[in-house]
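The structure that follows is given in the form of structure tokens.
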Amino acid sequence: GFKVMGTDALELMIPQMAFYKHSFETGQSPFWNPYVADGFPNFVSILGFPYTPINLFLLFFSPVTVHYWGMFLMLFLAMFFFVLFCRKLGVSVYGSLMGALAYLTGNIFFARDITLATSLFIQTCLFWVIISIYQVKTKKHLLLLVSFGSVIVGYAWLTATYFQTLYVFTTLLAFIVFLCLKSSGGDLAER
């Protein structure tokens, strides 16, 4: 019956999610929480946008449940896209799994709460999108990858938080550069 929580989760994330849940249930604005950061507006909060898709589960579940199931989902997706990325690079299945575990182990500090775990997912997903764009042969597949990458960029914008934004937005810059190079025609390997 015990729960293990990082201090950010216990003191910041879960109380903020509880505030969102209360705001959703009472029809009040979730954009101004007077209990966190002196009421700093949440659309520039370190906790992400109140209407981030994962926060919408607060309509149905408790903040602790949403936080931990969401965190495990984000970590699973981070590993999944890391494996896909390694497979695109030609790494074996077992090597890809070991790499994904090493990625999470090396970033275990970031895996203590949902927003940090989301950053791990976004980063690996965008690297997979970038390498896939590099290797794509048809315009139809390129359009699908660009659309998917754009959705992930939007999700990153809604959930990015304080110090790991540097990593996420560096990845976004690489995504944009690859799109520009790919759209200019020719083979990227020749550049």
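The values are calculated or read from the model by the stated rules, or taken from the named source; none is laboratory data. All figures in this text were calculated on a predicted structure; none of them were measured in a lab. Don't worry about glycine lacking a Cβ; one is built from the backbone with ideal geometry, like all the others, and counts go over all protein chains shown.
Could you look through the stretch 73-101, keep only residues that are among the β-branched types (Val, Ile, Thr) and in a helix (DSSP H, G or I), and pick out the one that is nearest to ASN55 (Cα to Cα)?
First, pick out the residues of the stretch 73-101 that are among the β-branched types (Val, Ile, Thr): 83, 91, 93.
Now narrow it down to the ones that are in a helix (DSSP H, G or I): 83, 93.
Working: VAL83: 27, VAL93: 33 Å.
Applying the filter and picking the extreme gives VAL83.
For the stretch 119-133, state whether one or more residues are over 19 Å from THR170 (Cβ atoms), part of a helix (DSSP H, G or I) and not β-branched (Val, Ile, Thr). Walk me through how you get there before you give the answer.
Going residue by residue through the stretch 119-133, those that are over 19 Å from THR170 (Cβ atoms) are none.
No, the stretch 119-133 has no match at all.
Only one of these is part of a loop (DSSP other than H, G, I, E, B), modelled with pLDDT of 85 or more and more than 16 Å from THR118 (Cβ to Cβ): PHE61, PHE2, PHE19. Name it. Reasoning before the result, please.
On the way: PHE2 fails: modelled with pLDDT of 85 or more; PHE19 fails: part of a loop (DSSP other than H, G, I, E, B).
The unique qualifying residue is PHE61.
Please verify whether THR105 is buried (at least 20 other Cβ atoms within 10 Å of the Cβ), in a helix (DSSP H, G or I) and hydroxyl-bearing (Ser, Thr, Tyr), treating the condition exactly as stated.
Details: buried (at least 20 other Cβ atoms within 10 Å of the Cβ): no; in a helix (DSSP H, G or I): yes; hydroxyl-bearing (Ser, Thr, Tyr): yes.
No, not satisfied.
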